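Colleague: Have a look at the structure that comes next, please.
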Amino acid sequence: MDMTLNINGQAHDVAAPAASLLVEVLRDTLGLTGTHIGCDTSQCGACHVLLDGVAVKSCTLLAAQAQGAAITTIEGLGTAETLHPMQQAFRDAHGLQCGFCTPGMVMAGLEMVRRHGTRLTPALVAHELEGNLCRCTGYLNIVKAIVAGAAAMETADA
Amino acid sequence: MRDFDLVRPASLAAATAAFAAGGEAAYLAGGHTLIPAMKSRLRMPDALIDLAGLDLAGIVPDGKRLWIGAMTRHADVAGGASAIPGLAALAGGIGDPQVRNRGTLGGSIANNDPAADYPAAALALDALIETDRATHKADDFFQGMFTTALADGEIITRIGFAIPQRSAYAKFRHPASRYAVVGVYVADHGNSWRVAVTGAGPGVFRWAEAEAAIAAGGALPTLPADDLNSDIHAGPEYRAHLCGVMLKQALAGLV
Ligand SMILES: Cc1cc2nc3c(=O)[nH]c(=O)nc-3n(C[C@H](O)[C@H](O)[C@H](O)COP(=O)(O)OP(=O)(O)OC[C@H]3O[C@@H](n4cnc5c(N)ncnc54)[C@H](O)[C@@H]3O)c2cc1C
Ligand code: FES
Ligand code: FES
């Protein structure tokens, strides 16, 4: 079926089967491979993207369901030269090792800021990370990164 | 996933007509049960009918009941069902934040997973389940594992929960799936109590002995293990024990 997807501020006309998942269209059709598939059973969060600013699992959403919404992927956050404050915080806090889970972790961090504001506690972040799995870090530095990234967004917005 | 025709109706009539148009059809709400089932080919519908265009979301208090639209997402119930704090807390404990951003009340009630959370609230809060063609009482609606009173093609439009004086839900969550190994919803309706148990049996059920004991102020009962579920997570005796523990936790947390 023909669909138009608004991704990172740009409209893309896509012809894909109705059964295409959003993550499949992002990665395979459009080459936006920053969004990852870690489990395909809706549990790991590597595939998180923002839909009108709200974090969702792009492996559990049809691409067709995302029509009409503004989709933000990790490619749409910062540039290689100027990272988004949440990305920069992962770099500074050593919040990644292999990096496979990181795009989804960054999106989960932005979801926390959307719902709880920029002043997050480690306990809240650990609780809110229920839908993100990391096989490398042991989470401690991810929690530190999200707390710091959220705080940096307050200054960045001011 | 096998391909299908995607239909995006703008009215209930168009949705039911599309359902009846031939082949195997399925309604799509939040997709957080259906899409995983389609990925693993447990479900292979020929037509998928997206309910997103039907304007079925929203929370409206109406005297003695809190009416919540079928397409209201778990996150919105968690944030908006302040008239029944126990129900809001239940919604806030479903899955993870991203599941709650997509999954809907109607999808959970229609699916009637024996370990799902909402069916316990619907039963304990004496809910009315309104559809495009009928109104079902929760007591008659849930008919065992993945089985409900819904006819083929019937669409849940909204659910009316009786607003209790106090209520609470306690769940022993499976640490990976987050569904209930056992969940107990207790509601104080002023002149009566309702206690509903999910996760423990082949479907959600009322625990009449517990209701009577609470009303009489007597000792809390033990649930017989005979008909309870047994799987790799918990055997029937352990589930029976957990029912008692969750009952006490819910009673201690009434709001
Ligand atoms: C990782 C993960 C964790 C989860 N954890 C929990 C948990 O802890 N507790 C819990 O209770 N659930 C849990 N769920 C399930 C989640 O709550 C689902 O969202 C919910 O069960 C189904 O709602 P849905 O809107 O996604 O429905 P869908 O998947 O779209 O539909 C489910 C079924 O209901 C039918 N249907 C949907 N809406 C209607 C309607 N209005 N009228 C008639 N039929 C309809 C569909 O045709 C389909 O058969 C989890 C899911 C995932 C992926
Ligand atoms: S790939 Fe989507 S949750 Fe794991
Ligand atoms: S850094 Fe390797 S999975 Fe998280």
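The values are calculated or read from the model by the stated rules, or taken from the named source; none is laboratory data. Source: prediction; values computed, not measured. Neighbour counts run over all protein chains shown; Cβ positions are idealised from the backbone, glycine included. We work out accessible area using only protein heavy atoms, side chains counted, and drop any ligands, DNA or RNA first. Shrake-Rupley method; radii C 1.70, N 1.55, O 1.52, S 1.80 Å.
Colleague: When the accessible area of each residue in the stretch B:89-122 is compared between its chain alone and the complete protein assembly (1.4 Å probe; ligands, DNA and RNA ignored), which residues differ by at least 20 Å², being lower in the assembly?
Modeller: Buried by 20 Å² or more upon assembly, which counts only protein chains, are B:Asp96, B:Pro97, B:Gln98, B:Arg100, B:Asn101, B:Arg102.
Colleague: I'd like the mean, over residues of A:110-119, of how many other protein chain beta carbons sit within 10 Å of each residue's own Cβ. Present the calculation step by step, with values, prior to reporting the outcome.
Modeller: Numbers: counts 0, 3, 1, 0, 0, 4, 0, 0, 0, 0.
For peptide A:110-119, the averaged partner shielding equals 1.
Colleague: Using only the Cα atoms of the stretch B:108-238, build the gyration tensor, take square roots of its eigenvalues as a ≥ b ≥ c, and label the shape rounded, prolate or oblate: rounded if a/c is under 1.5, else prolate if a/b is larger than b/c, else oblate. Don't jump to the answer; show the numbers that get you there.
Modeller: Values: a/c = 1.93, a/b = 1.16, b/c = 1.67.
Verdict is oblate for the stretch B:108-238.
Colleague: Can I get the semi-axes of chain B's equivalent ellipsoid? Compute them from the C-alpha gyration tensor as square roots of 5 times the eigenvalues, in angstrom, largest first. Provide the component values of the computation, followed by the final result.
Modeller: Working: eigenvalues 191, 85, 47 Å².
That gives 31, 21, 15 Å for the three semi-axes.
Colleague: Would you calculate the separation in nanometres between label points at A:Ala70 and A:Leu124, each defined as 7 Å from the Cα along the Cα-to-beta-carbon direction?
Modeller: 2.3
Colleague: Here's something else I'd like to know. Provide the FRET efficiency to the nearest 0.05 for the B:Met145-B:Ala215 pair, computing r from the beta carbons and using R0 = 51 Å. Intermediate results must be reported in sequence, preceding the final value.
Modeller: Values: r = 29 Å, r/R0 = 0.58.
With a Förster radius of 51 Å, E is 0.95.
Colleague: Once you have the Cα-Cα distance between B:Ser230 and B:Ala17, take 0.36 nm times their residue separation minus that, and quote the gain in nm to one decimal. Write out the running numbers ahead of the final one.
Modeller: On the way: separation 213, 0.36 × 213 = 76.68 nm, distance 4.10 nm.
Gain on extension, B:Ser230 to B:Ala17, equals 72.6 nm.
Colleague: Interface A/B, total buried accessible area with a 1.4 Å probe, nearest 100 Å²? The partial results should precede the final answer.
Modeller: On the way: alone 7800 and 11380 Å², together 17090 Å².
For chain A against chain B, roughly 2100 Å² becomes buried.
Colleague: Kirkwood Rh over Cα pairs of the stretch B:63-162 into Stokes-Einstein at 37 °C, 0.692 mPa s: D in µm²/s? Mind showing how you got there, number by number?
Modeller: Numbers: Rh = 13.3 Å.
Estimated via Stokes-Einstein, D reaches 247 µm²/s.
Colleague: Same structure again: In whole angstrom, how far apart do the alpha carbon centroids of the stretch B:108-183 and the stretch B:190-234 sit?
Modeller: The two parts, judged by their Cα centres, are 16 Å apart.
Colleague: Still on this structure, please answer the following. Does chain A classify as rounded, prolate or oblate by the C-alpha gyration tensor (a ≥ b ≥ c root eigenvalues; a/c under 1.5 gives rounded; else a/b over b/c gives prolate, otherwise oblate)?
Modeller: Working: a/c = 1.97, a/b = 1.61, b/c = 1.23.
Cα axes put chain A in the prolate bin.
Colleague: How would you classify the stretch B:5-53 from its alpha-carbon gyration tensor, with a ≥ b ≥ c the square roots of the eigenvalues: rounded for a/c under 1.5, else prolate if a/b is greater than b/c, otherwise oblate?
Modeller: On the way: a/c = 2.98, a/b = 1.49, b/c = 2.01.
Oblate.
Colleague: Which value does Rg/Rh take for the protein assembly as shown over its C-alpha atoms, Rh per Kirkwood? Don't skip to the end; give the middle numbers.
Modeller: Values: Rg = 22.0 Å, Rh = 22.4 Å.
Value, to two decimals: 0.98.
Colleague: Leaving out ligands and nucleic acids, and using a 1.4 Å probe, what accessible area per residue does the protein assembly as shown come to in Å²? Working shown, then result.
Modeller: On the way: 17090 Å² over 413 residues.
Value returned for the protein assembly as shown: 41 Å² of accessible area per residue.
Colleague: Would you mind telling me the antiparallel percentage of the DSSP bridges in chain A, rounded to 5? Mind dumping the intermediate values first?
Modeller: Values: 13 of 15 bridges.
DSSP beta bridges in chain A are roughly 85 percent antiparallel.
Colleague: GNM, chain A, Cα, under 10 Å: largest mean-square fluctuation among A:Leu124, A:Leu22, A:Leu133?
Modeller: A:Leu124
Colleague: Per DSSP helix of 4 or more residues, -39500 (n - 2.57); summed, then divided by the residues of chain B. What does that give at 222 nm, rounded to the nearest 500? Walk me through the numbers on the way to the answer.
Modeller: Details: 10 runs with 76 residues, N = 255.
Helices in chain B give a 222 nm mean residue ellipticity of -8000 deg cm²/dmol.
Colleague: I would also like to ask the following. Could you tell me the center-to-center distance, by alpha carbons, between the stretch A:13-57 and the stretch B:18-91 in angstrom?
Modeller: About 21 Å separates the Cα centre of the stretch A:13-57 from the one of the stretch B:18-91.
Colleague: Moving on to the next point. Per DSSP helix of 4 or more residues, -39500 (n - 2.57); summed, then divided by the residues of chain A. What does that give at 222 nm, rounded to the nearest 500? Mind dumping the intermediate values first?
Modeller: On the way: 4 runs with 48 residues, N = 158.
Using -39500 (n - 2.57) per qualifying helix, the result is -9500 deg cm²/dmol.
Colleague: Using a 1.4 Å probe on the protein chains only, how many percent of the accessible area of the protein assembly as shown belongs to carbon and sulfur?
Modeller: Details: 9080 of 17090 Å².
The value for the protein assembly as shown is 53 percent carbon and sulfur by accessible area.
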